[in-house]
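Peer 1: The structure follows.
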Amino acid sequence: MYGRRKDSSDIRTPDRFSYPPSPSPSSYSTSSGRSTSGRNRVKGAARSVAGVFVACFTPPGEEDTRHHSSSVYGGGSDTFSSTSDVSGASDSTDGRRRGTPRGIYGTRNDSTHLKEPGSTKFTIAEIHHATKNFSPALKVGQGGFGTVYKGQLQDGTLVAVKRAKKSLYDKNLGGEFQSEIQALSKVEHLNLVKCYGYLQHGDERIIVVEYVPNGTLREHLDCIKGSVLSLASRLDIAIDVAHAITYLHTYTDHAIIHRDIKSSNILLTEKLRAKVADFGFARLAADEESGQTHVSTQVKGTAGYLDPEYLRTYQLTEKSDVYSFGILLVELVTGRRPIEAKRELKERVTARWAIKKFTDGHAITVLDPNLEKSDANGLALEKILELALQCVNSHRRNRPIMRRCAEVLWNIRKDYKELLD
Ligand SMILES: Nc1ncnc2c1ncn2[C@@H]1O[C@H](COP(=O)(O)OP(=O)(O)OP(=O)(O)O)[C@@H](O)[C@H]1O
């Protein structure tokens, strides 16, 4: 059900991490001469790939407009889909081992949801009860899929009820809906928003997922929610997201490619742990073919986060998520959105602007102004930007796999904490 292209560089991903990872060129020691030698190494590595990165970016307004032409969601200004006639571009199996990887990923969801085990179907009465008949007071958001309500099931479980908009289920949410949701409901990881089930009733299509109470990462970066996120929290969030995506990429028989990694799809708990939302939903809301081995016929994602190689080739791989993750890393350290249309031209594409500053030796100038320009923050910033630079390499084969991203971030956090102590 999910797109995958065989790519030998992708298949190295093992089932689980072992931390701390072994030292590597990307793990910087901060104990000796860290300030200058570490930075020089970061900058040297950055320069070698920066040219590639800068070349791959298309300035806003110059993008291939066909990718904006048919919003699959019909409403979002920057979430879009376009079709192609590519066929057989990806396959869904590559001899992966069977059985859900568990290890540190396989944390059981701490849900108290008491529905019959394995049951993913909800009744309309349950949904009406949970949402008080879709009370406007319980509306928590509106996205490309439809309207989101906070709800409470009879057993007390808090849920987010995602009600598809009519324009979507008319065209796209046909027979596939049920099997896709049943498959998604089996995916469990502490850093993924749990999918509880669905309702297909008349022309209603509803998805019921775990309720995550503390808003989106974007809202936190905008300081709409809570206080300013410290760099340590941002690193924790980046690691949580990297773990979640690694899990998806190494999932049982087939990789699950998220396709829409972005800050508004990262939800935060009260303790500022991240949960990645909407994995697999992009496909639900877009593909019209059903029952066939997945063929990527539509480009889906959000402007600013989209892998340029995917845009060119329509071939979707895990490395497309890695690209989006690189953009997310830049967003985390700068606080800016990937595209900031109101800024002067050279600052509009945030990743291009930030990485240029980094390679010119002025990384500190892109640090989110809400964060202190301390030595520790400056060094962590450079290391995060170096990783981001690798993730957004225009050639997917040069991007690290997600597991590697998690390891590098883990080392950055370790060094950062040592420096603060
Ligand atoms: N599981 C959830 N728990 C709590 N709030 C949620 C949950 N899912 C979504 N929301 C809220 O609803 C809003 C809309 O979510 P939705 O996933 O439909 O759209 P989006 O991710 O913002 O945009 P897009 O559809 O373009 O990806 C979110 O921004 C968030 O505030």
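The values are calculated or read from the model by the stated rules, or taken from the named source; none is laboratory data. Quick caveat: nothing in here was measured; it's all calculated off a predicted structure. Here the Cβ positions follow ideal geometry from the backbone for every residue, glycine too, while neighbour counts run over all protein chains shown.
Peer 1: Please state which of the following conditions Asp155 fails to meet, knowing it meets all the rest: (1) at pLDDT 95 or above; (2) more than 16 Å from the ligand (Cβ to nearest atom).
Peer 2: (1)
Peer 1: Please verify whether Leu328 is of a type outside the set (Lys, Arg), touching a strand residue (DSSP E or B) at 6+ places or on another chain (Cβ under 9 Å), closer than 21 Å to Glu382 by Cα and at pLDDT 90 or above, treating the condition exactly as stated.
Peer 2: yes
Peer 1: On to the next question. Taking the options Lys414, Lys346, Lys342, name whichever one is assigned to a loop (DSSP other than H, G, I, E, B) and basic (Lys, Arg).
Peer 2: After ruling out the rest, the residue left standing is Lys342.
Peer 1: Being crowded, with 24+ Cβ neighbours inside 10 Å, aliphatic (A, V, I, L, M), modelled with pLDDT of 95 or more and part of a helix (DSSP H, G or I): is that true of Leu379 here?
Peer 2: Against the criterion (crowded, with 24+ Cβ neighbours inside 10 Å, aliphatic (A, V, I, L, M), modelled with pLDDT of 95 or more and part of a helix (DSSP H, G or I)), Leu379 does not qualify.
Peer 1: For the stretch 160-174, does any single residue satisfy the condition of being surrounded by fewer than 21 Cβ atoms within 10 Å (Cβ to Cβ), closer than 30 Å to Leu409 by Cβ and more than 16 Å from the ligand (Cβ to nearest atom)?
Peer 2: No: zero hits.
Peer 1: Would you pick out the residues in the stretch 211-268 that are in a helix (DSSP H, G or I), among the polar types (S, T, N, Q) and within 15 Å of the ligand (Cβ to nearest atom)?
Peer 2: Hits for the stretch 211-268 are Ser263, Ser264, Asn265.
Peer 1: Those residues that are outside any helix (DSSP H, G or I) and not polar (S, T, N, Q), I need them from the stretch 387-411; list them, please.
Peer 2: Correct list: Val392, His395, Arg399, Pro400, Ile401.
Peer 1: Can you tell which of Glu219, Glu270, Glu204 is touching a strand residue (DSSP E or B) at 6+ places or on another chain (Cβ under 9 Å), acidic (Asp, Glu) and farther than 29 Å from Leu311 by Cα?
Peer 2: That would be Glu204, the only listed residue that is touching a strand residue (DSSP E or B) at 6+ places or on another chain (Cβ under 9 Å), acidic (Asp, Glu) and farther than 29 Å from Leu311 by Cα.
Peer 1: Here's something else I'd like to know. When both residues are 6+ apart or on different chains and their Cβ atoms are under 9 Å apart, which pairs have a first residue that lies in the stretch 220-238 and is in the same structural domain as Lys373 (by TED's automatic domain parsing) and at positive phi, and a second that is of a type in the set (S, T, N, Q) and loosely packed, with under 15 Cβ neighbours inside 10 Å?
Peer 2: That search, which allows pairs on different chains as well, returns Cys223/Asn370.
Peer 1: A further question follows. State whether one or more residues within the stretch 333-341 are at pLDDT 95 or above and over 24 Å from His258 (Cβ atoms).
Peer 2: Yes: one or more hits.
Peer 1: Tell me whether the stretch 238-245 contains one or more residues that are of a type outside the set (Phe, Trp, Tyr), in contact with an Asp or Glu (Cβ under 9 Å, 6 or more places away or on another chain) and surrounded by fewer than 24 Cβ atoms within 10 Å (Cβ to Cβ).
Peer 2: Among the residues of the stretch 238-245, not one is of a type outside the set (Phe, Trp, Tyr), in contact with an Asp or Glu (Cβ under 9 Å, 6 or more places away or on another chain) and surrounded by fewer than 24 Cβ atoms within 10 Å (Cβ to Cβ), which makes the answer no.
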